[in-house]
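This report refers to the structure that appears directly beneath it.
The values are calculated or read from the model by the stated rules, or taken from the named source; none is laboratory data. Keep in mind the model is a prediction, meaning the values are calculated, not measured. No Cβ is skipped: glycine too gets one built from the backbone with ideal geometry, and neighbour counts run over all protein chains shown. Ligands, DNA and RNA are excluded from the accessible area calculation, which covers all protein heavy atoms including side chains. Shrake-Rupley method; radii C 1.70, N 1.55, O 1.52, S 1.80 Å.
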Amino acid sequence: MRARAPHGLQWGTRFKLKGYREWLEQRDFVPDYQYLKEFLQVLQTGDRTRRWVLKSPFHLYNLGALLKVFPDAHILWTHRDPQTVMGSWCSLVETGTALCNRRYDTEEIGREWLSSLSWMVEQGRMSRLDIPKERMVDVSYHQLTADPHGQLPRIFERLGLQWSFKEQGNLDDVLARPGMRRNHEYSLARYGLDPDMVDAAFGDYTKLVASIR
């Protein structure tokens, strides 16, 4: 199998890649997901058949390609207040950027990722118009974190999965881990952003998130 590096905006969390997003907007991502499928098959070789659970926000602008390669996949879209997302995400990007660059501009991080994340959400919302409803599960981040014991059994039910004492025990173990309730400190202002800028970029998606809280 020829070595290939999957493309995507994830590389921008470490380096500034001028013009890369514009190039990605024209790309057919089916080959990238075929590579991912082969990679997962290699990892699972010799193991029993199990469900893969993969978490990444970068699938949002590739939902059509994802389902072409993984036609039986279910997509859980966790909806969170964009203002909270932007502050937290920019802080995460700054951490990654600082590892790979001696100098960087925090306000440039804010501008670039406000544009990119709002574009990702727009692409995801457009793509889901062609996706069967049973393949999409919408989850409120606020509700999930506030009441995981109440929300997760409902999510399992929508996925056609059984919530058992085993899953309940796994959840209890995860929530008991040190640092699970640790606060992540961040500020929109550090990245040259304010609430009005975020609301303008995300449009009515902000209202949609508020409606399902």
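K166 contributes about 140 Å² of solvent-accessible surface, heavy atoms of the protein only, 1.4 Å probe. How would region 70-151 be classified by its alpha-carbon gyration tensor: rounded, prolate or oblate, with rounded meaning a/c under 1.5 and the a/b versus b/c comparison settling the rest? Because a/c hits 1.5 or more and a/b exceeds b/c, region 70-151 counts as prolate. Evaluated at q = 0.17, 0.20 Å⁻¹, a Debye calculation over the C-alpha positions of region 1-127 (equal weights, vacuum) places log10 I(q)/I(0) at -1.03, -1.28. Accessible surface area normalised per residue over the chain is 66 Å², counting heavy atoms of protein chains with a 1.4 Å rolling probe.
Subtracting the Cα-Cα distance of N101 and L43 from 0.36 nm times their residue separation leaves 17.6 nm of extension gain.
Annotation: F29 carries an accessible surface of approximately 10 Å², with a 1.4 Å probe and no ligand, DNA or RNA atoms counted.
Taking the 1.4 Å solvent-accessible surface of the chain as the whole, the part contributed by carbon and sulfur is 52%. For P(r) over Cα pairs in 10 Å bins from 0, in percent, the candidate list reads (i) 7, 27, 35, 26, 5, 0; (ii) 7, 31, 38, 20, 4, 0; (iii) 8, 25, 28, 21, 12, 5, 2, 0; the entry that matches the value derived from this model is (i).
A simple rule links phi to the HN-Hα coupling: the Karplus curve 6.51 cos²θ - 1.76 cosθ + 1.60 with θ = phi - 60°, which for region 90-103 gives 4, 5, 5, 4, 4, 4, x, 5, 5, 6, 10, 9, 6, 10 Hz, with x for Gly and Pro. Computed per residue of the chain from DSSP H runs no shorter than four, each worth -39500 (n - 2.57), the mean residue ellipticity at 222 nm is -16000 deg cm²/dmol. The 3J(HN,Hα) values that the Karplus relation (6.51, -1.76, 1.60; θ = phi - 60°) gives for region 38-49 are, in residue order, 4, 4, 5, 5, 5, 4, 8, 4, x, 9, 6, 5 Hz. Gly and Pro appear as x. Of all the options D32, D105, D194, the one that moves most in a Gaussian network model of the chain with Cα springs shorter than 10 angstrom is D105.
When you filter the trypsin sites (Lys or Arg not before Pro) in region 1-63 for DSSP loop state and at most 10 other Cβ atoms inside 10 Å of their Cβ, you are left with R2, K18, R48, R50, R51, K55. Looking at region 45-86, the chymotrypsin sites (Phe, Trp or Tyr not before Pro) that sit in a DSSP loop and have at most 11 other Cβ atoms within 10 Å of their own Cβ are W52. Coupling constants for region 198-213 follow from the phi torsions by the Karplus curve (6.51 cos²θ - 1.76 cosθ + 1.60, θ = phi - 60°), and in residue order they are 5, 4, 5, 5, 8, x, 6, 4, 4, 5, 4, 4, 5, 6, 9, 5 Hz; glycine and proline get x.
Model label points for H184 and L159, set 7 angstrom from Cα along the Cα-to-Cβ axis, are 2.0 nm apart.
Accessible surface of W113, taken over heavy atoms with a 1.4 Å probe and every protein chain present, rounds to 10 Å². The alpha-carbon of K16 sits under 20 angstrom from the alpha-carbons of these aspartates and glutamates, leaving out residues fewer than 8 places away in its chain: E25, E94, D105, E107, E108, E112.
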